[in-house]
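This report concerns only the one structure given below.
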Amino acid sequence: KVDTPAGGSNFEGEFSDPPDDDVTPLQYFRMFFQEDVLERIVEMTNLYSVQKTGNSVKTTADEITTYIGMHILMGIVPFPSYRHYLSKDLRNAQVADAMSINRFEKLRRFLHFVDNNDQEGSDDKLFKLRPVITAIRNECIKVEPEEF
């Protein structure tokens, strides 16, 4: 209930040239989700599936990228359930053609970002997401601020 102090309205700085307009959505995604982040997700997802079932889901970085992309598309065109994207009546081809429902559900079940055994003594409520949050945040910090 305290007024927020107004920031300075004068910008004094220099900008580099704007990025190419030909940046694809996948290239933009990869600016923030670096290969090491995807490899960590792959490693932790495979590890978690082995811990739970004794078998690895044998996922790859490309498959995780596809899985995340499916969720991004699902956020743009929301349906009540992810199963609706794959149903005969409401089928969304971009989502349905990317991955089978069985594989999607398997990845959904085992997707992990950290080893659960590493949590001992941690009070961090975002423990399970912290490595990914930190990595993406570090990439966001590198983005040059714009005047407007």
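The values are calculated or read from the model by the stated rules, or taken from the named source; none is laboratory data. Note that this is a predicted model, so its numbers are computed, not measured. When we count neighbours, we look across all protein chains shown, and the Cβ atoms used for this are built from the backbone with ideal geometry, even at glycine. The protein model used for the area step is the full one, side chains on, heavy atoms only, and it has no ligands, DNA or RNA in it. Shrake-Rupley method; radii C 1.70, N 1.55, O 1.52, S 1.80 Å.
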Which of the residues belonging to segment 42-59 are among the hydroxyl-bearing types (S, T, Y) and not in a loop (DSSP other than H, G, I, E, B)?
T45, Y48, S49, T53
For residues that are open to solvent by less than 90 Å² (accessible area, probe 1.4 Å), touching a residue at least 12 places away in the same chain (Cβ under 8 Å) and not aliphatic (A, V, I, L, M), tally how many sit in segment 46-65.
8
Among K142, K106, K88, which is the only one that is within 26 Å of S49 (Cα to Cα) and of a type outside the set (S, T, Y)?
K106
If you check D62, D118, D124, D89, which single one turns out to be in a loop (DSSP other than H, G, I, E, B) and out of contact with any helix residue (DSSP H, G or I) (no Cβ under 7 Å at 6 or more places or on another chain)?
D89
For residues that are over 17 Å from V143 (Cβ atoms), without any contact (Cβ under 8 Å) to a residue 40 or more places away in the chain, of a type outside the set (A, V, I, L, M) and open to solvent by less than 100 Å² (accessible area, probe 1.4 Å), tally how many sit in segment 19-45.
3
Answer yes or no as to whether I141 is open to solvent by 50 Å² or more (accessible area, probe 1.4 Å) and under 18 Å from the mean Cα position of the chain (by Cα).
yes
Flag for R109 being within 23 Å of S56 (Cβ to Cβ), basic (K, R) and open to solvent by 100 Å² or more (accessible area, probe 1.4 Å)
yes
What residue, among those in segment 74-84 that are within 21 Å of F110 (Cβ to Cβ) and either acidic (D, E) or in a helix (DSSP H, G or I) (or both), is least open to solvent (accessible area, probe 1.4 Å)?
M74
Subset of segment 91-106 (residues that are open to solvent by 80 Å² or more (accessible area, probe 1.4 Å) and closer than 16 Å to T59 by Cβ)
N102, K106
